[in-house]
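Have a look at the structure below, then the notes.
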Amino acid sequence: GALSAPDLASCQFSLRVGGQPCCLQKPTSTTPRYAFQANTSIPQGVRQSYQTAFSNSAYVRKYTEAYRKMKALDGDDPNDPRGMEQQRRVHCAYCSGGGAYGSNYEMHGNWFFLPWHRMMLYLHERILANLAGDPGFKIPFWNWDTSRGREIPREFRDRTTALHNSRRNTDDNDLRDRMEKGTTNRIMEVSVLEAETMDMFLGGPIGNGRPGALEYSSHGAVHMAVGEQNNPFQDMGNLGFAARDTLFYGHHANIDRLWSVWTGLLRTDGRPRRNPTSAAWLNSAFAFYDERKSIVSMRVSDTVDPAKSLRYSYENVKMEWLPSNN
Ligand code: C2O
């Protein structure tokens with residue numbers, strides 16, 4: 001059956017990953033709760049590639065400043081669910097291998113990987129938009145699927161800004177090595193083109209959990225390349241810490257974009273590629289804090305048409321791995 005949204009008050013608060021807590025701020029009896037509905041007052045907008053977004057200096061300032069505020073919230077009030085540490089915990093709580101909310105709520109290695117991360121990114125975007133004072137703000141994506149995108153942009157390397165993280169491997173050669181084993185585009189063929197069925201692409205249902213092709217191939221390769229190679233694996237190399245690196249969100253925006261791309265492709269037999277239609281997938285729900293510190297529950301069905309429900313689409317960028325007949 002479908003999963004119902006976990007009660008954030010019943011997290012396993014003693015759980016630690018790498019010595020750090022995973023649970024989100026415990027709600028009080030007065031914390032507002034609601035079920036997600038598409039909010040048409042949010043301006044429709046386009047998530048752009050790092051290259052396009054960062055060619056606009058006003059965007060870079062706004063994006064950097066929003067992260068500065070998000071990180072400053074950690075110092076002002078560590079329990080503020082909009083802070084960067086709490087953003088890390090959203091991911092940690094749902095990735096802890098069955099700790100925080102119980103083993104059903106592990107969002108990796110099964111068919112909730114794509115929709116759950118879409119929800120997480122959407123709420124992260126709402127919080128950044130709120131901190132930026134721009135309701136139409138959209139996050140950028142890291143287009144590592146093309147050869148020119150296989151580098152960490154310089155905006156993330158400036159030690160003086162909030163985009164920086166000291167726990168990264170910044171050697172782009174390691175990223176290229178991991179992404180270009182074999183040939184330049186092989187990893188994208190495996191991640192997207194050859195994964196024709198929902199089962200291959202999204203992964204298997206919980207209980208029969210198997211990661212989908214996008215998750216285990218290019219998604220994992222980027223995490224491993226950016227995660228510190230030394231022991232212990234930190235930040236991008238460790239699911240408990242990955243979401244405290246600003247690159248995590250650009251990485252996952254690209255994963256999210258590739259899901260949209262996949263949905264628009266045909267199979268080799270000419271039939272459309274399809275997301276699951278079962279109630280166990282569509283009706284499953286997860287809980288998050290929103291930009292007003294309210295708890296919102298979202299269903300997988302809220303995520304399948306992001307332009308309609310979540311108010312964004314993706315910049316149409318050239319994908320050198322995509323055959324021109326698609
Ligand atoms: Cu939740 Cu990239 O992992």
> Which distance in nm do the two modelled labels at residue 294 and residue 307 give, with both placed 7 Å along the Cα-to-Cβ direction?
Replying inline: 2.8
> Which far-off residues, 5 or more places away or on another chain, put their amide H under 5 Å from the one on residue 33, with H placed in the peptide plane?
Replying inline: 295
> Cysteines of the chain lacking any other cysteine beta carbon under 4.7 Å?
Replying inline: 95
> Which cross-chain or sequence-distant (5 or more) residues have an amide H under 5 Å from the amide H of residue 228, H modelled 1.01 Å from N in plane?
Replying inline: 169, 234, 236, 237
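For residue 171 and residue 13 in one chain, what is 0.36 nm times their gap in residues minus the Cα-Cα distance, to one decimal in nm?
Details: separation 158, 0.36 × 158 = 56.88 nm, distance 3.66 nm.
Gain on stretching residue 171 to residue 13: 53.2 nm.
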>> Suppose a student asked you for the relative contact order of the chain, using Cα pairs under 8 Å spaced at least 6 residues apart; what percent would you report?
In response: 28
>> Please compute the Kirkwood hydrodynamic radius of region 115-165 from all pairs of different C-alpha atoms, in Å with one decimal.
In response: 12.8
> Efficiency by 1/(1 + (r/R0)^6): what FRET value for residue 147 and residue 260, r their Cβ-Cβ distance, R0 = 22 Å, to the nearest 0.05?
Replying inline: 0.55
> When only alpha-carbon atoms count, how far does region 21-160 stretch along each of its three principal axes, as whole angstroms with the largest first?
Replying inline: 44, 35, 33
>> Compute, for the chain, the length of the dipole vector about the Cα centre, with Cβ point charges of +1 (Lys, Arg) and -1 (Asp, Glu) only. Units Debye, rounded to 20.
In response: 440
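More than 24 angstrom separation, counting every C-alpha pair in region 209-326; what % is that? Present the calculation step by step, with values, prior to reporting the outcome.
Working: 2822 of 6903 pairs.
That tail contains 41 percent of the Cα-Cα pairs.
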> At residue 29 and residue 180, where each label point lies 7 Å from the Cα along Cα→Cβ, what is the point-to-point distance in nanometres?
Replying inline: 6.2
> What are the residues whose amide H is under 5 Å from the amide H of residue 203, where those residues sit 5 or more places off or on another chain and H is modelled from the backbone?
Replying inline: 212, 213
>> Given the chain, report the % of alpha carbon pairs whose separation exceeds 28 Å.
In response: 37
> Karplus couplings for region 37-43 from phi (6.51 cos²θ - 1.76 cosθ + 1.60, θ = phi - 60°), rounded to Hz, Gly and Pro as x?
Replying inline: 9, 4, 10, 6, 7, 7, x
> Once phi is turned into θ = phi - 60°, what whole-Hz ³J(HN,Hα) does the Karplus curve with 6.51, -1.76 and 1.60 give for every residue of region 246-257, x standing for Gly and Pro?
Replying inline: 4, 5, 3, 6, x, 4, 6, 5, 6, 4, 5, 4
> Could the peptides 170-176, 280-286 be put in order, highest first, of the mean number of other beta-carbon atoms found within 10 Å of their residues?
Replying inline: 280-286, 170-176
> How large is ³J(HN,Hα) for each residue in region 201-209, as worked out from phi by the Karplus curve 6.51 cos²θ - 1.76 cosθ + 1.60 (θ = phi - 60°), to whole Hz, x for Gly and Pro?
Replying inline: 7, 8, x, x, x, 4, x, 10, x
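Since every read-out is calculated from the coordinates, none of them should be taken as a lab result. Just so we're clear, the structure is a prediction, and the values are computed from it rather than from any experiment. Glycine gets a Cβ as well: all are built from the backbone with ideal geometry, and neighbour counts include every protein chain shown.
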